[in-house]
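The values are calculated or read from the model by the stated rules, or taken from the named source; none is laboratory data. Predicted model only: the values in this text are computed from it and were never measured. Reconstructed Cβ throughout: ideal geometry from the backbone, glycine too, with neighbour counts over all protein chains shown.
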């Protein structure tokens, strides 16, 4: 980004509670001393008022700030609404810039000045700022991943408890974490409990839970297996209580996952920008949602300029014009579950087909790339 056309350049160091601003002229002379403000609405207003006193239109003030998780988001949106030109910088740009100039001490004042000097150097590369749709997709995907991990942990723990309480249960219900089996275990969490309940009670319970799809034959099989179970019998009451709690806990993330997947489906239906990702038949809706959230605006990755900037020469073996490295999007991609699902030539062919060849590895390097 070229800062020559701006009257003032502002560097912002943003933390969870406060922010510090430094204002420089194009010749790198400081306009005023660094100012510390609260990272709240009052601090935003004070910063805007101080900049207004400089007598320079907001459009002629270039402001740079690091991408610091969510801490910088409210400030960024406020400044954008005031008409300032903003440059979101990745820490991998600011830290090497400071080290090259011997600025190794980490202080807020030095960081704000470093950001302003980076903007004036012409080496700053603006980071990608997702719009409303991409931000929504990322929030949903992040929550979906958290709920899926929580669900997987609970299911593993249920399987472990069931092995010592009623190992034969899986002969009737292959997946004990399905809704009917889960609800039954939350009421009768052990072979001892099922034997004590008897066939009639288990039959009535199954008819209630399975809505007529299971009945007396299933109940008879369960009671017969429970009466001759190889259950451990050790700490059975404590383990039964543990299993009941785990079953109750699992039902909530499963219900929330189903709701979230519906929301993601509706979001994809409204998303015209994901048409390229939807074209490969091998990409299911879940993969498309993960890719869309991780990569954001897919049009940023131009297949005709897929040189050595990320992965080396193209398929013809000749290096082409470099492309800017998609820093944060690539990091998110490395963490995405879709990257683990794709492997070998299938991933290479599909990504190249939708215009994402700049994400492909160099010949001989592994896929997915290492973080």
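Odds and ends about this structure:
- Candidates in region 284-313 are the residues that are in a helix (DSSP H, G or I) and modelled with pLDDT under 50; of these, the one that is surrounded by the fewest Cβ atoms within 10 Å (Cβ to Cβ) is 304.
- Within region 198-220, the set of residues being in a helix (DSSP H, G or I) and surrounded by fewer than 19 Cβ atoms within 10 Å (Cβ to Cβ) comprises 198, 199, 200, 201, 204, 207, 208, 209, 210, 216, 217, 220.
- Some residue of region 102-121 being more than 26 Å from residue 38 (Cβ to Cβ) and at pLDDT 85 or above: yes
- Scanning region 15-34 for residues that are under 37 Å from the mean Cα position of the chain (by Cα), at pLDDT 90 or above and under 25 Å from residue 1 (Cα atoms) returns 19, 20, 21, 22, 23, 24.
- Residue in region 156-175 that is in contact (Cβ under 8 Å) with a residue 12 or more places away in the chain and not in a helix (DSSP H, G or I) present: yes
- Filter result for residue 135 (within 27 Å of residue 258 (Cβ to Cβ), more than 33 Å from the chain's Cα centre (by Cα) and modelled with pLDDT under 95): no
- Residue selection: residue 28 satisfies the criterion of being surrounded by fewer than 14 Cβ atoms within 10 Å (Cβ to Cβ), at positive phi and touching a helix residue (DSSP H, G or I) at 6+ places or on another chain (Cβ under 9 Å).
- Scanning region 258-275 for residues that are touching a helix residue (DSSP H, G or I) at 6+ places or on another chain (Cβ under 7 Å) and either free of Cβ contacts under 8 Å to residues at least 40 places away in the same chain or buried (at least 17 other Cβ atoms within 10 Å of the Cβ) (or both) yields a count of 7.
- Residues that are within 14 Å of residue 76 (Cβ to Cβ) and either free of Cβ contacts under 8 Å to residues at least 40 places away in the same chain or not assigned by TED's automatic domain parsing to the domain that holds residue 87 (or both), drawn from region 12-39: 39
- The test for being farther than 16 Å from residue 116 by Cα and either touching a helix residue (DSSP H, G or I) at 6+ places or on another chain (Cβ under 8 Å) or outside the structural domain of residue 78 (by TED's automatic domain parsing) (or both) does not hold for residue 62.
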